[in-house]
1. How big is the charge dipole of segment 59-218 about its Cα centre, in debye rounded to the nearest 20, if each Lys and Arg gets +1 on its Cβ and each Asp and Glu gets -1 on its Cβ?
2. Magnitude of the Cβ-charge dipole of segment 79-148, K/R +1 and D/E -1, about the Cα centre, nearest 20 debye?
3. Determine, from the Cβ-Cβ distance of residue 69 and residue 154 and an R0 of 30 Å, the FRET efficiency 1/(1 + (r/R0)^6), rounded to the nearest 0.05.
4. Mind checking which of 170, 105, 68 has the largest fluctuation in a GNM of the chain, springs on alpha carbons under 10 Å?
5. Trypsin sites (Lys or Arg not before Pro), restricted to segment 115-213: which are DSSP loop and have at most 15 other Cβ atoms within 10 Å?
6. Assuming R0 = 22 Å, can you tell me the calculated FRET efficiency for the pair residue 134 and residue 181, based on Cβ-Cβ distance, to the nearest 0.05?
7. Measuring from centroid to centroid over Cα atoms, what is the spacing of segment 38-58 and segment 117-146 in Å?
8. Calculate, for residue 33 and residue 100, the FRET efficiency according to 1/(1 + (r/R0)^6) with r their C-beta to C-beta distance and R0 22 Å; round to the nearest 0.05.
Amino acid sequence: MNKNIREQEHAVIRCTCATPFQASNVAQLIDAEGNCLPVAPVMVLCRCGRSRRKPYCDGSHVPAGINGNKSDNRVPDRRIDYHGREITIHDNRGVCSHDRSCVLGLPRVFRKNHRPWIDPDAANPEEIENVVRKCPSGALSTSRHGVPAAEPQRPPAIRVAKNGPLEITGNIGLEDDLGSRPESREHYCLCRCGESRNQPFCDGSHRTTRFRDDAPEE
């Protein structure tokens, strides 16, 4: 059996509402500059935002604990479909990490401060699909005539976004005590700042709380 396939089958991230992320059998941990970080068969990764060894956990969560519960006032975990002549864009704001790859990549389609904010007829389907593939959270996806676009095929990896979430790719499983399920099995984003209202997923709260890797909380 292919080595990458074996890793995909067994790579998993586990947590509870009160514990950090435990990543098992993930062969690649990559920093924001693209450098490979040291890995182990089991890695404990920070989700409280206070570790002085980010992205690794150093136990800083112990005094105050971790609140990994979902907030009642979170953005609803609900998919909305925007139908165009040739392509449909699917959007779930509830799991969006707000990395802005869509509004920067195709601002005439993904129109900030407009309602509706997505216009699927403002670019050709190939352009839209290319931009949607860059969505790290799985909030965006597309289909044509009812057929979903193929998911990327990547080896299991965790990328540490600069001052942002853990970006998970390659069909790494997620197991927690909330029964959380990513919008995309192939890719999703996990909160590192500890402030997401949709734990364990990132909801962009790191942007408003000004989370920084080099400034651990006291």
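1. With only Lys, Arg, Asp and Glu charged at Cβ, the dipole is about 400 debye.
2. So the dipole magnitude of segment 79-148 works out to roughly 260 debye.
3. For R0 = 30 Å, the calculated efficiency reads 0.45.
4. Taking springs between Cα atoms under 10 Å, the residue moving most is 105.
5. The qualifying sites are 134, 162, 185, 210, 212.
6. After rounding to 0.05, the efficiency reads 0.50.
7. 33 Å
8. 0.70
Bear in mind that the values in this text are calculations on the coordinates, not laboratory data. What you are looking at is a predicted structure, and each value in this text was computed from that prediction instead of being measured. Don't worry about glycine lacking a Cβ; one is built from the backbone with ideal geometry, like all the others, and counts go over all protein chains shown.
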